[in-house]
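Trainee: Okay, here's the structure, questions in a sec.
The values are calculated or read from the model by the stated rules, or taken from the named source; none is laboratory data. On a predicted model such as this, the values are computed, not experimentally measured, just so you know. For neighbour counting, all protein chains shown are included, and Cβ atoms are generated from backbone atoms with ideal geometry for every residue, glycine included. These area figures cover heavy atoms from the full protein model, side chains too; ligands, DNA and RNA do not enter into them. Shrake-Rupley method; radii C 1.70, N 1.55, O 1.52, S 1.80 Å.
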Amino acid sequence: MNLSGNVGPHPHNLEVQDLDSFDRLVSAGAVDMRGWHAQSLDLRGRTGALQRLHVEGAIFLGCTFDDGVEDVLRRRGALIFPRLETVPFNPYRADLYSPQELYAGLPDAPYEALPDARIYQWSIQPGMRHRLDATLASALHDHAIGDALDDVTRTGPFHGRAMVGVMGGHAAQRGSTEFAQAALLGRLLAQGGHVVATGGGPGAMEAANLGAYLNEVDDDGVQAALDILASVPGFRPSVSAWARAAAAVVERFPGGTPSLGIPTWFYGHEPPNYFATHIAKYFANAIREAILLELCTGGIVFLPGAAGTVQEIFQDACENYYGAREKVTPMVLVGRHHWERQYPAWPMLQSLAAGRPMEDRIFLVDTVQEAVEVLRLSA
């Protein structure tokens with residue numbers, strides 16, 4: 001239950017996300033539901049309590065009621081968003097996703113039959129982006145994910161720890177030096193007390209979440225995990241085999257360090273990685289990108305990448321360029337040749353930063369160890 005207001009007779013902005021919380025509030029003498037947001041509750045058998053409560057101004061999102069109660073609540077002033085039975089996801093969910101939820105059915109079922117793939121297939125059906133029920137469901141879902149993400153960053157497992165983003169190409173193959181270095185970066189950041197956040201996809205993103213997940217495992221264990229993953233270098237041609245290898249690592253090393261992935265079904269052809277323990281998966285890519293930048297108050301490390309990573313560099317640069325001095329966060333580009341010669345983002349970034357508060361918050365280094373040290377010194 002997320003409380004962000006009073007808990008007296010007239011609480012405001014009170015999110016009631018489980019039945020136990022509802023029962024506790026009623027038992028404690030609540031009389032007015034004004035400002036309550038009840039999410040996905042099975043309120044069958046609670047008709048008596050609902051009859052006693054003042055429900056005008058309450059919002060019920062995807063709740064289930066005894067027969068006839070829904071109409072009565074509407075007449076009494078409640079706003080009720082119905083359950084949407086035709087969509088393959090819960091638009092009113094109260095929690096972030098876990099890998100196990102998105103990949104429910106592994107190892108027996110193929111990826112195409114798993115929840116993540118089914119949601120993506122639903123989202124790209126012809127005309128889906130122009131259907132009112134579909135756009136409403138996806139918008140409600142993304143709002144719920146944002147709310148759940150706020151919970152885990154403000155009061156949950158990430159509370160009180162600086163979050164550092166790791167951006168990099170999805171093309172880094174398991175078994176490659178690039179993948180191993182990204183995993184080392186995630187591991188070093190987690191060992192330094194940072195929360196690791198990525199775009200939640202494959203390649204360097206998967207590696208950084210892997211490194212964070214295994215940060216308390218010894219070097220031999222980390223190498224064993226890398227060897228298991230190297231047997232399936234990429235998610236093509238088989239996402240199923242790629243995900244099974246990752247699930248095998250998690251089974252061998254359960255209970256790893258929490259980290260965050262923020263992927264999107266807009267790029268649903270790229271599956272979410274299995275090592276981000278908390279997954280905030282959105283339909284709207286623009287919202288997802290903005291939130292990832294907003295959360296990474298500890299800075300962002302940009303590993304070698306191509307068009308997508310270049311875009312992310314200058315999205316972050318734009319935020320820092322126009323931001324107040326106290327809002328500027330470190331930007332660390334890893335790979336001098338890559339960012340000076342192959343994709344010369346560094347010279348342009350330097351030009352943008354000249355004379356601005358961000359000028360002393362941008363860095364170009366050659367190794368992930370240097371990146372971690374730069375962030376430590378700039379904290």
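Trainee: Given the options L96, L61, name the one that is hydrophobic (A, V, I, L, M, F, W, C), closer than 16 Å to A148 by Cα and touching a helix residue (DSSP H, G or I) at 6+ places or on another chain (Cβ under 7 Å).
Mentor: On the way: L61 fails: touching a helix residue (DSSP H, G or I) at 6+ places or on another chain (Cβ under 7 Å).
Exactly one residue qualifies, and that residue is L96.
Trainee: Here is a further query. Can you confirm whether the stretch 249-261 contains a residue that is among the charged types (D, E, K, R), open to solvent by 40 Å² or more (accessible area, probe 1.4 Å) and either without any contact (Cβ under 8 Å) to a residue 60 or more places away in the chain or over 18 Å from G201 (Cα atoms) (or both)? Show your work before the answer.
Mentor: Within the stretch 249-261, the subset among the charged types (D, E, K, R) is 251-252.
Now narrow it down to the ones that are open to solvent by 40 Å² or more (accessible area, probe 1.4 Å): 251-252.
Applying the additional criterion that residues be either without any contact (Cβ under 8 Å) to a residue 60 or more places away in the chain or over 18 Å from G201 (Cα atoms) (or both) yields 251-252.
Checked the stretch 249-261: at least one residue is among the charged types (D, E, K, R), open to solvent by 40 Å² or more (accessible area, probe 1.4 Å) and either without any contact (Cβ under 8 Å) to a residue 60 or more places away in the chain or over 18 Å from G201 (Cα atoms) (or both).
Trainee: Another one. Can you list residue pairs whose Cβ atoms sit under 6 Å apart, with the first residue in the stretch 50-65 being over 16 Å from D18 (Cβ atoms) and without any contact (Cβ under 8 Å) to a residue 24 or more places away in the chain and the second being basic (K, R) and surrounded by fewer than 21 Cβ atoms within 10 Å (Cβ to Cβ)? Count only pairs 6 or more apart in sequence or on different chains.
Mentor: Final answer for the pair search is V55/R76.
Trainee: Pairs, please: C-beta under 7 Å, at least 6 apart or cross-chain, first residue within 17 Å of T367 (Cα to Cα) and modelled with pLDDT of 95 or more and in the stretch 336-347, second in a helix (DSSP H, G or I) and charged (D, E, K, R)?
Mentor: Within 7 Å, the pairs are W346/E340.
Trainee: Right, here's the next one. Scan the stretch 23-61 for residues that are open to solvent by 60 Å² or more (accessible area, probe 1.4 Å) and closer than 14 Å to I80 by Cβ and jot them down.
Mentor: Residue satisfying the conditions is E56 alone.
Trainee: Which condition breaks for T309 when tested against (1) open to solvent by less than 50 Å² (accessible area, probe 1.4 Å); (2) on the phi > 0 side of the Ramachandran plot?
Mentor: Every listed condition holds for T309 apart from (2).
Trainee: Looking at the stretch 65-90 only, could you name the residues that are modelled with pLDDT of 95 or more and open to solvent by less than 40 Å² (accessible area, probe 1.4 Å)?
Mentor: Hits for the stretch 65-90 are F65, V69, L73, G77, A78, I80, F89.
Trainee: Here are some conditions: (1) modelled with pLDDT of 95 or more; (2) surrounded by 19 or more Cβ atoms within 10 Å (Cβ to Cβ). Q315 meets all but one. Which one does it not meet?
Mentor: For Q315, the failing item is (2).
Trainee: Would you call V310 more than 22 Å from G200 (Cβ to Cβ) and touching a helix residue (DSSP H, G or I) at 6+ places or on another chain (Cβ under 6 Å)?
Mentor: Numbers: more than 22 Å from G200 (Cβ to Cβ): no; touching a helix residue (DSSP H, G or I) at 6+ places or on another chain (Cβ under 6 Å): yes.
For V310, the condition - more than 22 Å from G200 (Cβ to Cβ) and touching a helix residue (DSSP H, G or I) at 6+ places or on another chain (Cβ under 6 Å) - is not met.
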